[in-house]
Structure formats: structure tokens, C-alpha cells
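Here is the structure we will look at.
FYI, it's all coordinate maths here, none of it is from the lab. Since we're looking at a predicted model, the values are computed, not measured. Here the Cβ positions follow ideal geometry from the backbone for every residue, glycine too, while neighbour counts run over all protein chains shown.
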Amino acid sequence: MIISYFIYFKLQESDFAVTIFFMITVTEIEKLATLARIKLTDAEKQGLTKEIDSILTYIDQIKKATLDIDHTPIVGIVHNIFREDESRVLPPEDREALLKQAPEREGDFVAVKKIIAQD
């Protein structure tokens, strides 16, 4: 679907600026309604035409907006902290104390519910 639009030239500060006014037609609204499989009254079609035109105008304004953001990285603010993996052997008393706190256990392991189905 092609949305028709008009280009309007206006004089602004001694330069020509192009302003695009999007105009969606009632026919295009009817095509959209058919694709969406909804029924619209004539009043709803007119209302949607105005609403979609204002949305398209707003999107055009957003496209024209520029942001002055400095994208250079700042050194020293964000950094990762890594540590070496090390194996620790717990004394049997500490291991037993941890296992007693678990709701369920199987031998020397904590029992948990199966969450991944295997087909």
C-alpha cells in the first residue's frame, strides 16, 4: 500500500525547506480494514484518517530530530572484575549443614525439579 503525500515548499529564513504532509485516504483506510477484517463506519474511517495523518506527521518530526550525543567511550568508569575459578573442598560438617537446609536431597546432592523436558 502506498500512502500518498504532498510536498509543500515554504520560505524559511531565506532558505527553502521541504515539509511533507502525509495524507492517507479513506480508500487506504478501507484496504487496511479489509486486511484486518474489521468493519468501520464512515465516521470511524474519517477519524482514523485524521489520527493516522497526525501519527505520520509526528513520525516525520522524529525522523528530523538530531541528537548531539558524544559516542566516545569514557575510560575508567565501567570495568569488569574477573577472578580465577578455584575449587574449594568443604569439610564434611559444612557440607552436611548445607544439605540439611535444602528442601529435598538425593545423597550428597540437592534435589531440584526437572524444568527441561527431554523428548
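Sorting 46-59, 98-111 by their mean Cβ neighbour count within 10 Å, with the most densely packed peptide first, gives 46-59, 98-111. Under 5 Å from the amide H of Ile24 lie the amide H atoms of Asp53, each residue being 5 or more positions distant or on a separate chain, with H modelled from the backbone and absent for Pro and chain starts.
Sequence-ordered 3J(HN,Hα) estimates for segment 29-40 from the Karplus curve with 6.51, -1.76 and 1.60 and θ = phi - 60° stand at 4, 5, 5, 5, 5, 5, 5, 7, 6, 10, 9, 10 Hz, glycine and proline given as x. Under 5 Å between amide hydrogens, built in the peptide plane, is the criterion, and for Arg105 it picks out Ala111 among residues at least 5 positions away or on other chains. Each label was represented as a point 7 Å from its Cα along the Cα-to-Cβ direction; for Ile115 and Leu67 these points are 3.3 nm apart. Here the simple spin-label model places points 7 Å from the Cα toward Cβ, and for Ala102 and Thr25 these points are separated by 7.1 nm.
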